[in-house]
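**Q** Take a look at the following structure, please.
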Amino acid sequence: MSAAFRRCYYYSGWRQKNSFSLLLNTRNVSNSKSLALDNNDTNKDLGHYTEFKKVVKSQNVNYKDGHTCFQIPCKLCENPAPEKWAYVNKTTGAFLCPSCDVKVPLLQAKNAYEKGRRIVNHNIELAKIFETMCADIVTQVPTSILDELQIRGLKTVDFEMLNAGYDRQLNVIQFPLKNASGLLVGEKLLYLQNGREETQQNENDSGMLIYGPSDKQKAILVSNILDFLVLVAQRIETHCIACLPYGLKALPQECLPALERFKEILLWFQYDSPGWDVAKSFSTKLDEKRCLLIKPTDTEPCPFEAQRKRLNIRHILQKATPVKHKSITTFNTLRSDILSELQNIEKVNGVKWKRFPILNKLLKGHRKGELTIITGPTGSGKTTFMSEYSLDLALQGVSTLWGSFEIRNARLASTLLRQFVGYSLEKKLHEFEHWANEFEKYPLYFMTFHGQQPLKIVVEAIEHAHYIHDINHVIIDNLQFMMGISSTYRTDKFWEQDNIIAAFRSLATKHNLHVTLVMHPRKEREEDDLTTSSIFGSAKASQEADNVLIIQDKRLTSLRGKKYLQIVKNRYSGDLGIMPLEFNKEALSYAYTGSKQKKKDKEKEVSAQQINDQILQNT
């Protein structure tokens, strides 16, 4: 292994500092991350699930009730293969057929089964061959690569069994990704120069990298290629080895059929607390009854690190523990979590803001499982601040779901884009396509609700987005606009608001999400500062919240008045304080002031000039 490779992999901050820039390359560019979620679309398949099962049973179709999917023989095409299974996700109702690598609406599939129609052309679907980005590929990985990787026990025959290849021009190892039916649908690349990984797939994201015979019923699931190769070299007779296509960022539902055959899945992820959180989240998606976890401690690091420290990997595997009942725990179970937090305190603090360093000093970071409330006078810039606040986190890979009940999504997205670029594109429309393409790569999603909505429908949309898109941050702007429609006959607004806050508090805890609620304050005298008591409603809002942020605006009541963000509650560290808010109208930004702003503007001017030069060259 080269010195550069070792530095990139072993440096504890490498993954965190570079993970987002690399994330831009881990998704097929044809798939947009900035999508609008319509609750009617996301729930209609699940609504037809019960009816579909009745149709299948009434026709005496042979079926299997699996861990995550309802398996049935596919009748959508003319494929003569005898073992041609389709999968219906039990949580979302999505109908997936790996034989043709297609996903169709469940209602359409139900009608096809009822009427015996063939609605998919098998030959046309198979003609959609995945095209590799490797131009100079050789099917045999050179032995010199084995020396560079320095993984004990790894042989060239292992790469042959994986059908892996080597591209001399890019200096990468290529691993083909196959779906549950064995179709080639993508590839995973390992760049030997710096250790980064890149994934390219067809639009369904159904490919997995699995090593081992098809008759094994146990699997070890890891998050990256190096951990995968270390376990392959161990020659573990009892388990297959599987690698997540997108690391810890996401586990697409389309991948679940490839893992359906395993009765036991052992999750062994990164040696840090975030990796432990993701493992618990993914075990819920995989059916926690069949999942075991290896907890991240000094004595049980990830496979690659364990090999480097010459630890006994098979002994670590024996320490895997099943996912316990979610309502019962003991100190013996918690002690590993406590040790992991103490050893990874900076990662436990959460994701750091880059545009708001003062927030890092006070709040320490943005953490999952918390509820934040932000309030401020009407017109004080709550939505503008929250858009930049969320954009900062999304730029670092925090998957964010916006629920804007007061402002149209197009206007909100326009604000986010302007804050992303740093200036208005109104007079620079020729740059729009470039910046829009760049912005579209980031994990931002939008609910299509507007105005008053029932709580149940909003929560269902959030849960669906969390399952499908692995959402980590949910923003509700604002809470008062959700009130007014309820299945109850009660008309007490305070009771209604308390009920909504309790639901979001439970949602944050249950799904390990960070929920941010934007709320209006009570009517106060303009000269008085807002406090936690100023939040509209009862005291439940401030009691349930982990963090309470208040925008104080004194510009209209004092000649020297300032606008600032005040942290009045911080359950994690207890630190309170203020952050000045100086607004840059051109960028719609509160982040940059003084010399920092000038430096940022200069960088944007250079970037804009480069874009213009590129456009001129293309024309």
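The values are calculated or read from the model by the stated rules, or taken from the named source; none is laboratory data. Just so we're clear, the structure is a prediction, and the values are computed from it rather than from any experiment. No Cβ is skipped: glycine too gets one built from the backbone with ideal geometry, and neighbour counts run over all protein chains shown. To get the accessible areas, we keep the full protein, side chains included, count just its heavy atoms, and leave off ligands, DNA and RNA. Shrake-Rupley method; radii C 1.70, N 1.55, O 1.52, S 1.80 Å.
**Q** If we count every other residue with Cβ under 11 angstrom of N171's Cβ, Lys/Arg +1 and Asp/Glu -1, where does the sum land?
**A** Surrounding charge for N171 is -2.
**Q** A further question on this structure: Take region 44-126, compute every pairwise Cα distance, and split them into 5 Å bins from 0; I just need the percent in each bin.
**A** 3, 16, 29, 30, 16, 6, 0
**Q** Ok, one more. In Å², and per residue, what accessible area does region 203-255 have when probed at 1.4 Å with the other protein chains present?
**A** Spelled out: the 1.4 Å probe surface of region 203-255, per residue, equals 27 Å².
**Q** Here is a further query. Among I72, T91, Q59, whose Cα lies farthest out toward the positive end of the dipole of region 44-126, if unit charges sit on the beta carbon of Lys, Arg (+1) and Asp, Glu (-1)?
**A** The Cα lying farthest towards the positive end belongs to Q59.
**Q** How far, in nm, would the chain grow between Y63 and Q150 when pulled straight, counting 0.36 nm per residue and subtracting the alpha carbon separation? Let's see the in-between values first.
**A** Values: separation 87, 0.36 × 87 = 31.32 nm, distance 4.58 nm.
My answer for the length gained is 26.7 nm.
**Q** Please give the net charge around E78, taking every other residue with its beta carbon less than 14 angstrom from that of E78, where Lys and Arg add +1 and Asp and Glu add -1. Don't skip to the end; give the middle numbers.
**A** Values: positive: K75, K84, R117, R118; negative: E125.
The answer is +3.
**Q** Counting Lys and Arg as +1 and Asp and Glu as -1, each charge on the Cβ, what is the dipole of region 357-593 about the Cα centre in debye, to the nearest 20?
**A** 380
**Q** Among residues other than N204 whose Cβ falls under 11 Å from its Cβ, what is the net charge (Lys/Arg +1, Asp/Glu -1)? Working shown, then result.
**A** On the way: positive: K103, K128; negative: D101, E125, E203, D205, E254.
So the environment of N204 carries a net charge of -3.
**Q** Order M208, M133, most accessible first, counting only protein heavy atoms with a 1.4 angstrom probe.
**A** M133, M208
**Q** Just the number please: accessible area per residue for region 320-472, 1.4 Å probe, all protein chains included, in Å².
**A** Value returned for region 320-472: 44 Å² of accessible area per residue.
**Q** My understanding is that a pair violates if its Cα-Cα distance is over 21 Å; which of K456/K523; K285/K347; K347/K441; K428/K585 do that in this structure?
**A** K456/K523; K285/K347; K347/K441
**Q** If you project the alpha carbons of region 113-225 onto their three principal axes, what span does each projection cover, largest first, in Å?
**A** The principal-axis extents, from largest down, are 59, 35, 22 Å.
**Q** With charges set only on the Cβ (+1 for Lys and Arg, -1 for Asp and Glu), what does the dipole of region 325-446 come to about its Cα centre, in debye to the nearest 20?
**A** Computed about the Cα centre, the dipole is about 260 debye.
**Q** If a/c stays under 1.5 just call it rounded; otherwise compare a/b with b/c (prolate if a/b is bigger, oblate if not). Do that for region 394-442, with a ≥ b ≥ c from the square roots of the Cα gyration tensor eigenvalues.
**A** Oblate.
**Q** Checking the table K540/K562; K53/K218; K218/K295 against a 25 Å threshold on Cα-Cα, which pairs fail? List each step's numbers first, then the result.
**A** Numbers: K540/K562 30 Å; K53/K218 28 Å; K218/K295 19 Å.
The answer is K540/K562; K53/K218.
**Q** Now, a different point. With a cut-off of 8 Å between alpha carbons and a minimum separation of six or more residues, what is the relative contact order of region 137-326 in percent?
**A** 16
**Q** Follow-up. Please state the shape class of region 137-326: rounded when a/c is under 1.5, otherwise prolate if a/b exceeds b/c and oblate if not, all from the C-alpha gyration tensor.
**A** Cα axes put region 137-326 in the oblate bin.
**Q** Can you give the charge dipole size of region 440-525 about its Cα centre, rounded to the nearest 20 debye, using +1 on the beta carbon of Lys and Arg and -1 on the beta carbon of Asp and Glu?
**A** Computed charge dipole of region 440-525: roughly 300 debye.
**Q** How big is region 357-593 by the Kirkwood estimate over distinct Cα pairs, in Å?
**A** Radius from the Kirkwood sum: 18.5 Å.
**Q** Would you be so kind as to identify which of Q343, G451, G379 lies farthest towards the positive end of the dipole of region 339-491, taking Lys and Arg as +1 and Asp and Glu as -1 on Cβ and the Cα centre as origin?
**A** In region 339-491, that residue is G379.
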